[in-house]
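First the structure, in the form of structure tokens, and then the observations on it.
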Amino acid sequence: MANRGIPVIFNTGRSDDFIAQQVIPPLRESGLLDSAPVFTVSEKGAVWAEVTPASLGEVHIDEKLKLPAGLAEDVRELVAERFGNLMFFDETKRSMISVEQSVQVHNSEYLEAQQEFDAAIPGLLEKHRLGDVRIDPTIISTDIEHQRVGKDLGAERALSLLEARGITAESWFTMGDSRSDYAMATWLHRRGIPVSHVDVRPADGIPDTPYQVLTSRTGALHDEAGAEFLSLWARGAATIRAGRQS
């Protein structure tokens, strides 16, 4: 789809390093073109870069959304002293602070410890006199972040990146595995842009929205559900292009 000129944006809470290490190699192996309009908006809108077959372009950071180094050091010490056997401090984040479940740990063990970890964070925020910071736990991590970041900010950044390239889109699909991901579609809808949201993990319940919400017809979840929709869209894009050329 990207090679046909359809914009693809990785709007994620992950770091740009994750995109560089985990996402770019399979794109390159699949034949991503230099001209393809692909971008990453990482750390929920605080960090962004163009994605190319070789690597990331210049990485931009919104310094206003960057948390203090002192807070990061305190969280790093907290993990090492009390939770090091269950979770790890993500050293690749540039603006937010993230602590994630260790891969060898059962999720139930992690989630139990996560409650204790999360309860310790407000005291650190008070120590550093930070009132504009949000604690955002997920099923495998806790993000400590500026309250301005979010998937809605990521959507705003995405459109700005495309506008700088002279690219507009008539409609959008957004995709995610948590309730917070709906903010992408909500932001687009409020600006009058047609959008449908794909929920690849609807177990949390599908909220009432003024836009269409899609789920897998086969009951697939996570990556499998995403692949199902991407394959469908890729076939549709090929059909549209063939029709225009004929």
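The values are calculated or read from the model by the stated rules, or taken from the named source; none is laboratory data. This structure is a prediction, so every number in the text was calculated from the model and none was measured. Here Cβ is always computed from backbone atoms with ideal geometry, including for glycine, and neighbour counts include all displayed protein chains. For accessibility, only protein heavy atoms count, side chains too; no ligands or nucleic acids. Shrake-Rupley method; radii C 1.70, N 1.55, O 1.52, S 1.80 Å.
Some points to look at:
- Considering every alpha-carbon pair of segment 1-71, the percent of pairs per 10 Å bin, from zero through the bin containing the longest distance, is 21, 51, 21, 7, 1.
- Oblate is the label for segment 125-246, because a/c, from the alpha-carbon gyration tensor with a ≥ b ≥ c as root eigenvalues, is 1.5 or above and a/b does not exceed b/c.
- Rg/Rh for the chain, where both radii come from Cα atoms and Rh is the Kirkwood radius: 0.98
- Using alpha-carbon coordinates, inclination of helix 107-127 to the longest axis of the chain, degrees: 70 degrees
- Solvent-accessible surface of segment 32-163, averaged per residue with a 1.4 angstrom probe and all protein chains in place: 48 square angstrom.
- P(r) tail, segment 26-115: Cα-Cα pairs separated by more than 18 Å, 59% of all pairs.
- Expressed to the nearest 5 percent, the antiparallel share of DSSP beta bridges inside segment 60-210 is 70 percent.
- The simple spin-label model puts a point 7 Å past each Cα toward its Cβ; for Glu58 and Lys127 those points are separated by 3.7 nm.
- Between Ala237 and Ser178, the contour length at 0.36 nm per residue exceeds the Cα-Cα span by 18.6 nm.
- Taking segment 166-241 and dividing mean pair separation by its residue count, relative contact order in percent (alpha carbons under 8 Å, at least six apart): 25 percent
- Stretching the chain fully between Glu116 and Ser102 yields a gain of 3.4 nm (0.36 nm per residue, less the alpha carbon separation).
- Value at 222 nm in deg cm²/dmol, rounded to 500, when DSSP H runs of n ≥ 4 in the chain each add -39,500 (n - 2.57): -11000 deg cm²/dmol
- Cut-off 15 Å, label 7 Å out along Cα→Cβ of Ala80, residues of segment 92-117 by amide N: none
- Between Thr209 and Thr168, the contour length at 0.36 nm per residue exceeds the alpha carbon distance by 12.4 nm.
- Relative contact order (%) - the chain, alpha-carbon pairs under 8 angstrom, separation at least six: 14 percent
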